[in-house]
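First the structure, in the form of structure tokens, and then the observations on it.
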Amino acid sequence: MTTRFADPQQLVPELGDVSAALFKILGTGVIPRSTVGLVHLRAGQIVSNTYLTVLHTGNLRRAKVSEEKITAVASWKDAPYFSAAERVALELVEAVLTPNPHGERVPDELYARATEHYDAKELATLAMLIGQVNFFIPLALIGRPLPGVAPTQQWRPAEGE
């Protein structure tokens with residue numbers, strides 16, 4: 001298997017600025033790094049993308065998140081490893097990424113639970129965190145980067161290189 005794209009940042013240089021801005025928002029510490037990683041991992045699982053699940057599992061391991069917690073992300077609803085705030089964050093990413101045939105994706109009840117654990121700035125940052133991973137999902141699904149391969153070695157050469 002090979003990646004489908006040449007390096008997207010070389011093809012579209014503006015991607016670097018957008019990516020840097022998104023990572024800067026997440027790097028403020030408003031949302032704990034472990035929660036960021038859990039949300040990113042769950043998003044990768046939801047869209048069934050091995051590259052994203054391997055990437056974010058590795059990020060969580062480097063952040064010293066327990067193996068039990070990492071392993072339980074896919075079944076977080078009945079796992080004892082998550083705080084109430086982490087559970088709401090995982091529920092929010094699922095709500096955003098999963099169609100709801102019965103109404104709103106993020107119903108008022110879920111939003112109300114989220115406000116019990118996150119203030120206005122934290123909740124807006126959490127929404128941007130979900131948006132950040134969603135920004136990269138098409139690159140992962142369409143471009144098909146290779147799991148476990150360093151980003152600098154990831155992409156095939158551009159045509160004419």
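The values are calculated or read from the model by the stated rules, or taken from the named source; none is laboratory data. Every value quoted in this text rests on a predicted model; they were computed, and no experiment measured them. In this analysis, Cβ positions are derived from the backbone assuming ideal geometry, glycine residues included, and neighbour counts consider all displayed protein chains. Side chains included, ligands, DNA and RNA excluded: accessible areas come from the protein's heavy atoms. Shrake-Rupley method; radii C 1.70, N 1.55, O 1.52, S 1.80 Å.
Here are a few things to note about the model shown:
- Residue count for the range 6-18 under the criterion of being open to solvent by 20 Å² or more (accessible area, probe 1.4 Å), touching a residue at least 40 places away in the same chain (Cβ under 8 Å), in a helix (DSSP H, G or I) and of a type outside the set (Val, Ile, Thr): the result is 2.
- Selection over the range 82-100 of residues that are more than 11 Å from Ser34 (Cβ to Cβ) and either of a type in the set (Lys, Arg) or surrounded by 13 or more Cβ atoms within 10 Å (Cβ to Cβ) (or both) gives a count of 10.
- Failed item in (1) at pLDDT below 95; (2) aliphatic (A, V, I, L, M); (3) farther than 25 Å from Gly27 by Cβ, with Ala112 passing the rest: (1)
- The condition of being at pLDDT 90 or above and part of a loop (DSSP other than H, G, I, E, B) does not hold for Val39.
- Thr3 falls short of the stated requirement of being open to solvent by less than 30 Å² (accessible area, probe 1.4 Å), within 15 Å of Met128 (Cα to Cα) and of a type outside the set (Phe, Trp, Tyr).
- Residues of the range 24-36 satisfying the condition of being outside any helix (DSSP H, G or I), more than 15 Å from Val88 (Cα to Cα) and in contact with a helix residue (DSSP H, G or I) (Cβ under 8 Å, 6 or more places away or on another chain): Thr28, Val30
- Single condition Val65 does not satisfy, out of (1) assigned to a helix (DSSP H, G or I); (2) under 25 Å from Gln154 (Cβ atoms): (1)
- The one condition in (1) at pLDDT below 95; (2) more than 18 Å from Val39 (Cα to Cα) that Ala120 fails to fulfil: (1)
- Within the range 24-61, considering residues that are among the β-branched types (Val, Ile, Thr) and closer than 23 Å to Glu122 by Cβ, the one surrounded by the fewest Cβ atoms within 10 Å (Cβ to Cβ): Thr28
- Positions within the range 88-121 being assigned to a helix (DSSP H, G or I) and more than 16 Å from the chain's Cα centre (by Cα), in sequence order: Asp108, Glu109, Leu110, Tyr111, Ala112, Arg113, Ala114, Thr115, Glu116, His117, Ala120, Lys121
- Criterion: under 22 Å from Asp108 (Cβ atoms), open to solvent by 20 Å² or more (accessible area, probe 1.4 Å) and either among the charged types (D, E, K, R) or modelled with pLDDT of 95 or more (or both) - qualifying residue of Lys77, Lys64, Lys69: Lys77
- Residues (open to solvent by 20 Å² or more (accessible area, probe 1.4 Å) and either over 18 Å from Leu11 (Cβ atoms) or over 18 Å from the mean Cα position of the chain (by Cα) (or both)) located in the range 124-148: Ala124, Ala127, Met128, Gly131, Asn134, Pro147, Gly148
- Selection status of Glu109, surrounded by 14 or more Cβ atoms within 10 Å (Cβ to Cβ) and over 30 Å from Gln153 (Cα atoms): no
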